[in-house]
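Note sheet for the following structure.
All of the numbers you see were taken from the coordinates with simple rules; none came from a lab. Everything numeric in this text was worked out from a predicted model, so none of it was measured. Using ideal geometry, Cβ is built from the backbone for each residue, glycine included, and neighbour counts are taken over all protein chains shown.
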Amino acid sequence: MNAAATPLHTVCPHCGTTNRLTAGSLGSAPDCGRCHRPLFTGAPVALDEAGFRKTIQKSDLPVLVDFWAPWCGPCRAMAPQYEAAARELEPTVRLVKLDTESAPALAAQHNIRSIPTLALFVGGREVARQAGAMGAADIVRWTRAHLPH
Ligand SMILES: [Zn+2]
C-alpha cells in the first residue's frame, strides 16, 4: 500500500460522522459520506464536549485545539489569527475551538490553567501545548514544528 492510499479517519464538523478517507484524497476537497457537506471548510470548528472527545479520539489527522472563552479579550483578539491559520493548515491538521466556559470539566481534565491555550493532539494524545495568544504565522510555524514527520 502506498502512502497516498493509507486510510485516514476524520470527524465531520457538521454532523459528527466519522469518515474514512485516504491521504491521497485529502487534497481534493472531500465531502462527508453522510451529510455531503465539505469535511474541511478552511475554518476552525466550534465543538462541544462530546464533539471534542469524538474528534480527538476518532481522528487520524492531527487536531489543533484553541481552548478559549467568550469573556477573554486576548482569545477574541486571536480568533481571526486562528481562522487564518486554519486556511493554511487544513487539511493536514484539523483546527477546532473549545469554549472552556461551556465545558469546564473538560478544561479541568486537560489542566487548562490560562486561556488562550493551544494544544496539538496526534493519535488521541496531546503532543504539544502553548499558552498565550499568537499570530497566524506563529500558530502555523508552531504547529508544523510539532507535527509527526
Ligand atoms: Zn457530515
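Scanning segment 19-57 for residues that are in contact with a strand residue (DSSP E or B) (Cβ under 8 Å, 6 or more places away or on another chain) and polar (S, T, N, Q), we see that the one that is farthest from residue 104 (Cα to Cα) is 22.
Hey, any hits in segment 74-94 for a residue that's touching a residue at least 40 places away in the same chain (Cβ under 8 Å), within 19 Å of residue 117 (Cα to Cα), under 15 Å from the mean Cα position of the chain (by Cα) and within 16 Å of the ligand (Cβ to nearest atom)? Checked against the condition, which is being touching a residue at least 40 places away in the same chain (Cβ under 8 Å), within 19 Å of residue 117 (Cα to Cα), under 15 Å from the mean Cα position of the chain (by Cα) and within 16 Å of the ligand (Cβ to nearest atom), segment 74-94 yields at least one hit. Those helices (runs of 4 or more DSSP H) of segment 36-125 in which at least 3 residues are touching a Gly at 6+ places or on another chain (Cβ under 9 Å) and of a type outside the set (Phe, Trp, Tyr), considering only elements entirely within it, cover 49-58, 73-89. So, of the residues in segment 1-26 that are in contact (Cβ under 8 Å) with a residue 40 or more places away in the chain and more than 10 Å from the ligand (Cβ to nearest atom), which turns out to be nearest to the chain's Cα centre (by Cα)? Applying the filter and picking the extreme gives 10. Could you go through segment 35-50 and let me know if any residue there is free of Cβ contacts under 8 Å to residues at least 40 places away in the same chain and more than 16 Å from the ligand (Cβ to nearest atom). The answer is no, given that none of the residues of segment 35-50 is free of Cβ contacts under 8 Å to residues at least 40 places away in the same chain and more than 16 Å from the ligand (Cβ to nearest atom).
Against the numbered list (1) loosely packed, with under 15 Cβ neighbours inside 10 Å; (2) farther than 27 Å from residue 134 by Cα; (3) of a type in the set (A, V, I, L, M, F, W, C); (4) away from the ligand (no atom under 16 Å from the Cβ), residue 29 comes up short only at (4).
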